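The values are calculated or read from the model by the stated rules, or taken from the named source; none is laboratory data. Everything numeric here is computed off the predicted structure, so don't read it as measured data. Virtual Cβ from ideal backbone geometry, glycine too; neighbours counted across all protein chains shown. Heavy atoms of the whole protein, side chains included, go into the accessibility calculation; ligands, DNA and RNA do not. Shrake-Rupley method; radii C 1.70, N 1.55, O 1.52, S 1.80 Å.
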There are 2 protein chains.
Amino acid sequence: MSIQHTVVFRLVHPEGSVEEQAFLDAAPGILASIPGVQNFAVARQVSAKSTLTHQFSMTFADQDGYDGYNNHPEHVAFVANRWGAEVAEFQEYDFVGIA
Amino acid sequence: MSIQHTVVFRLVHPEGSVEEQAFLDAAPGILASIPGVQNFAVARQVSAKSTLTHQFSMTFADQDGYDGYNNHPEHVAFVANRWGAEVAEFQEYDFVGIA
């Protein structure tokens, strides 16, 4: 059963900054090319009911695909080198459709 | 620009209960028929990194469609009669695609 993996986040960079754009540009190039990642998308979070400002979303065909992504060296390096330094707060959610 | 409106939530009802199923069955019938609502979907939230267990997702063609939904008597009644009594915790997010 396909799984939609999402993370909603807020960067340490000011909105509209060069650093923000550089992060948003770099991430898809690194993450979307990892085997198993489908439908990689970047969105702005616009509800005033959350302090988070962006979302990455992707789908995996199954749990094996998800695990392969999580353990892939490019993903591990991205989390260590960019995510930890540039993300101020975040929340992960994974969705499986039921209706 | 189209807007994806989402709410991730946890019910007061036990997982797998008749009450849970009744809520999940009733909501789409009420909410998806409100004018302007597109792509209404129900998902299970399966990441252990969140205590929330379900998501409703829908899209609106524009902010007018979103406002019409928010103010529609069927939506207002659903929030007053079902949501407030049966939802233990929730978080709203609205997404606009940028890549």
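For the stretch B:36-76, name all the residues that are more than 14 Å from the chain's Cα centre (by Cα), outside any loop (DSSP other than H, G, I, E, B) and away from chain A (no Cβ under 12 Å).
Within the stretch B:36-76, B:D64, B:G65, B:D67, B:G68, B:N71, B:P73 qualify.
Restricting to the stretch A:68-94, name every residue that is among the charged types (D, E, K, R) and in contact with a strand residue (DSSP E or B) (Cβ under 9 Å, 6 or more places away or on another chain).
Matches in the stretch A:68-94: A:E86, A:E89, A:E92, A:D94.
Could you list, in sequence order, the residues of the stretch B:77-99 that are open to solvent by 40 Å² or more (accessible area, probe 1.4 Å), more than 20 Å from A:S50 (Cα to Cα) and under 13 Å from the mean Cα position of the chain (by Cα)?
B:R82
Counting just the residues of the stretch A:1-15 that are part of a loop (DSSP other than H, G, I, E, B) and modelled with pLDDT of 95 or more, which one comes out surrounded by the fewest Cβ atoms within 10 Å (Cβ to Cβ)? Walk me through it before giving the result.
Step one: of the stretch A:1-15, the residues part of a loop (DSSP other than H, G, I, E, B) are A:1-2, A:12-15.
From what's left, modelled with pLDDT of 95 or more: A:2, A:12-14.
Working: A:S2: 14, A:V12: 13, A:H13: 17, A:P14: 9.
Among residues in the stretch A:1-15 that are part of a loop (DSSP other than H, G, I, E, B) and modelled with pLDDT of 95 or more, the one surrounded by the fewest Cβ atoms within 10 Å (Cβ to Cβ) is A:P14.
Can you give me the number of residues within the stretch A:41-61 that are in contact (Cβ under 8 Å) with a residue 24 or more places away in the chain, surrounded by 12 or more Cβ atoms within 10 Å (Cβ to Cβ) and not aliphatic (A, V, I, L, M)? Talk me through it step by step, then tell me what you get.
Here is the first cut: in the stretch A:41-61, the residues in contact (Cβ under 8 Å) with a residue 24 or more places away in the chain are A:45, A:50-61.
From what is left, the residues that are surrounded by 12 or more Cβ atoms within 10 Å (Cβ to Cβ) are A:45, A:50, A:52-61.
Cutting the leftovers down to not aliphatic (A, V, I, L, M) gives us A:45, A:50, A:53-57, A:59-60.
Summing the residues that are in contact (Cβ under 8 Å) with a residue 24 or more places away in the chain, surrounded by 12 or more Cβ atoms within 10 Å (Cβ to Cβ) and not aliphatic (A, V, I, L, M) in the stretch A:41-61 gives 9.
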